[in-house]
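Q: Handing you a structure now.
The values are calculated or read from the model by the stated rules, or taken from the named source; none is laboratory data. These numbers come from a predicted model, not from an experiment. Cβ placement follows ideal geometry from the backbone for every residue including glycine, while neighbour counts extend to all protein chains displayed. Areas reflect the complete protein model, heavy atoms only, side chains present, ligands, DNA and RNA absent. Shrake-Rupley method; radii C 1.70, N 1.55, O 1.52, S 1.80 Å.
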Amino acid sequence: TVWDDEHRPIRLEYYLQREGISYKKTYGSSGTQLNVRTCPFCGQSKWKVYINADTGLGNCFSGSCQKKFNKFGFVKAVSQADNNSVVYEIIENVCKELGWIPKKIYRQPIKNVTNDGLILPANTPLPLPNGDNLEYLLRRGIDNYYTQLFDLRYCESGEWRFNTEDGEKVQVFQKRIIIPVRDLDGSLVTFQGRDITGLAPNKYQFPSQVASTGKLLYNGNNIIGYNTIIVNEGVFDVIATQMALDKSGLSQDFGVVGSFGKHLSINLQGADDQLSRFLSLKKQGLRTIIIMWDGESMAYLDALEAAQKLNTFGFNLKIATLPAGKDPNEVYYTEVIDAIKNAKPYSNLMILQGNPYE
């Protein structure tokens with residue numbers, strides 16, 4: 001087999017959390033089961049999908065579906081990928097976020113990387129030379145000022161070249177917004193390519209054989225010295241929150257970073273992870289962290305778990321709740337500000353007080 005747990009140990013529960021898929025844990029004679037609300041094969045949202053958390057084998061028990069699948073098949077259905085190589089890439093990125101280290105293969109230097117750092121696929125900085133912006137960004141309220149602030153670029157048809165044991169491979173980044181991802185010192189570490197056509201099998205494409213975003217804080221290089229920061233999930237959440245702060249005159253009081261999903265990489269052995277970056281920011285003045293992930297039941301529980309872990313390192317933690325089913329991109333800017341201002345200080349009692357989304 002090309003892929004199995006031994007070679008790429010994907011944890012399905014983390015994958016469900018990462019993708020924002022609603023699920024519940026159940027327990028039976030065969031061990032822990034993950035009960036998924038919506039079947040990615042038939043699309044019915046009847047809580048009829050059960051997956052064994054250990055083996056990854058699952059079934060949809062909806063009368064019209066009855067689909068049986070493994071982990072690979074489930075990820076392929078969720079991503080709607082028609083190419084197995086895309087699925088392998090998704091699984092590999094998830095596993096890297098969880099600390100999996102691929103077997104080292106000695107190869108020639110990757111062409112896209114120089115001594116000065118990573119080189120992006122061929123792109124045009126936004127706004128375009130004639131001053132125009134992309135319709136996709138304008139629909140999201142992102143004007144020329146914010147495309148420059150976040151260094152967004154447009155890739156009509158660029159390539160990312162990398163080497164494997166089978167020779168050189170090429171990833172095509174076509175009709176995508178290129179999102180540079182920098183470390184706290186401003187160095188370019190990796191990037192994302194966001195599809196703007198709505199036709200690509202994967203909304204986001206990541207360069208192979210480059211550092212995972214799971215250890216980074218998006219926009220972290222721009223919030224050095226802030227006493228209080230807001231942690232969003234994704235890139236466009238960060239941009240939306242920054243726009244809300246600017247409109248409300250609060251951008252001097254709050255910095256914004258993205259955690260690249262509803263999970264913080266925390267390695268108590270002091271690894272190269274998100275915790276190490278939070279601690280670096282703490283040395284430069286950071287005291288309060290407001291977690292504002294999507295307005296969903298599972299996102300709220302994940303925020304409590306992340307807050308509990310960060311709280312032990314001397315931070316003041318708060319949880320901000322957005323309207324149900326919404327993220328910062330989907331609400332009026334005053335609702336983002338209200339969520340920030342009304343964020344509740346984290347305490348262990350919050351777990352007992354109930355989930356506001358249930």
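Q: Would you check if there is a residue in the range 260-267 being assigned to a helix (DSSP H, G or I), free of Cβ contacts under 8 Å to residues at least 60 places away in the same chain and under 17 Å from the mean Cα position of the chain (by Cα)?
A: no
Q: Moving on. Of all residues in the range 229-254, count the ones that are among the hydroxyl-bearing types (S, T, Y) and surrounded by fewer than 18 Cβ atoms within 10 Å (Cβ to Cβ). First the steps, then the outcome.
A: To start, the set of residues in the range 229-254 that are among the hydroxyl-bearing types (S, T, Y) comprises 241, 248, 251.
Going one step further and asking which of them are surrounded by fewer than 18 Cβ atoms within 10 Å (Cβ to Cβ), we end up with 248, 251.
Residues in the range 229-254 being among the hydroxyl-bearing types (S, T, Y) and surrounded by fewer than 18 Cβ atoms within 10 Å (Cβ to Cβ): 2 in total.
Q: Checking V257 against (1) touching a residue at least 12 places away in the same chain (Cβ under 8 Å); (2) open to solvent by 10 Å² or more (accessible area, probe 1.4 Å); (3) not polar (S, T, N, Q); (4) not in a helix (DSSP H, G or I), which test does it fail?
A: With respect to (1) touching a residue at least 12 places away in the same chain (Cβ under 8 Å); (2) open to solvent by 10 Å² or more (accessible area, probe 1.4 Å); (3) not polar (S, T, N, Q); (4) not in a helix (DSSP H, G or I), V257 is out only on (2).
Q: Any idea which of (1) among the hydroxyl-bearing types (S, T, Y); (2) closer than 30 Å to P207 by Cβ; (3) part of a strand (DSSP E or B) is the one Y88 doesn't satisfy?
A: (3)
Q: So, one more: Identify, please: which residue in the range 226-259 is among the aromatic types (F, W, Y) and touching a Leu at 6+ places or on another chain (Cβ under 7 Å) and is, among those, nearest to Y204 (Cα to Cα)?
A: The residue in question is F254.
Q: Among the residues of the range 284-321, count how many are assigned to a loop (DSSP other than H, G, I, E, B), surrounded by fewer than 16 Cβ atoms within 10 Å (Cβ to Cβ) and touching a residue at least 24 places away in the same chain (Cβ under 8 Å). Outline the logic, then answer.
A: Of the range 284-321, the ones assigned to a loop (DSSP other than H, G, I, E, B) are 284-287, 292-296, 312-315, 320-321.
So of that shortlist, the ones also surrounded by fewer than 16 Cβ atoms within 10 Å (Cβ to Cβ) come out as 284-285, 287, 312-314.
After this cut, where a residue has to be touching a residue at least 24 places away in the same chain (Cβ under 8 Å) as well, the list is 284-285, 287, 313-314.
Looking only at that region, the number is 5.
Q: Kindly indicate whether Y146 is out of contact with any Asp or Glu (no Cβ under 7 Å at 6 or more places or on another chain), of a type in the set (S, T, Y), in contact (Cβ under 8 Å) with a residue 12 or more places away in the chain and part of a strand (DSSP E or B).
A: For Y146, the condition - out of contact with any Asp or Glu (no Cβ under 7 Å at 6 or more places or on another chain), of a type in the set (S, T, Y), in contact (Cβ under 8 Å) with a residue 12 or more places away in the chain and part of a strand (DSSP E or B) - is not met.
Q: What single numbered condition from (1) at negative phi; (2) in a loop (DSSP other than H, G, I, E, B) fails to hold for T190?
A: (2)
Q: While we're here: Of all residues in the range 48-99, which are closer than 17 Å to S22 by Cα, in contact (Cβ under 8 Å) with a residue 40 or more places away in the chain, crowded, with 20+ Cβ neighbours inside 10 Å and not aliphatic (A, V, I, L, M)?
A: G56, K71, F74, listed by residue number.
Q: Then there is this: Quick one: which of V49, V75, V36, V2 is at pLDDT below 80 and of a type in the set (V, I, T)?
A: It is V2.
Q: Of the conditions (1) touching a strand residue (DSSP E or B) at 6+ places or on another chain (Cβ under 7 Å); (2) loosely packed, with under 15 Cβ neighbours inside 10 Å; (3) at pLDDT below 90, F162 fails just one. Which one is it?
A: Unmet condition: (2).
Q: Taking the residues in the range 149-159 that are in a strand (DSSP E or B) and open to solvent by 20 Å² or more (accessible area, probe 1.4 Å) as candidates, determine which candidate is nearest to R182 (Cα to Cα).
A: Residues of the range 149-159 that are in a strand (DSSP E or B), as a first pass: 153-159.
Of the ones still in play, those that are also open to solvent by 20 Å² or more (accessible area, probe 1.4 Å) are 153-154, 156-157, 159.
Details: R153: 14, Y154: 18, E156: 22, S157: 23, E159: 20 Å.
That would be R153.
Q: State the number of residues belonging to the range 13-43 that are hydroxyl-bearing (S, T, Y), within 16 Å of G73 (Cβ to Cβ) and loosely packed, with under 12 Cβ neighbours inside 10 Å. If you could, list the steps in order and put the result at the bottom.
A: Taking the range 13-43 as the starting set, the residues that turn out to be hydroxyl-bearing (S, T, Y) are 14-15, 22-23, 26-27, 29-30, 32, 38.
Filter again for within 16 Å of G73 (Cβ to Cβ), leaving 15, 38.
Within this subset, residues satisfying the condition of being loosely packed, with under 12 Cβ neighbours inside 10 Å are none.
Count: 0.
Q: Follow-up. Among the numbered criteria (1) of a type in the set (S, T, Y); (2) in contact with a Phe, Trp or Tyr (Cβ under 6 Å, 6 or more places away or on another chain); (3) at pLDDT 95 or above, which one does T241 miss?
A: (2)
Q: Can you pull out the residues in the range 333-358 that are in a helix (DSSP H, G or I), open to solvent by less than 50 Å² (accessible area, probe 1.4 Å) and more than 18 Å from G249 (Cβ to Cβ)?
A: M350
Q: Look through the range 128-143, keep the residues that are of a type outside the set (S, T, Y) and not in a loop (DSSP other than H, G, I, E, B), and return whichever of them is surrounded by the most Cβ atoms within 10 Å (Cβ to Cβ).
A: It comes out as L137.
Q: Residue under question is R182, and the condition is that it be open to solvent by 30 Å² or more (accessible area, probe 1.4 Å) and modelled with pLDDT of 90 or more; does it hold?
A: yes
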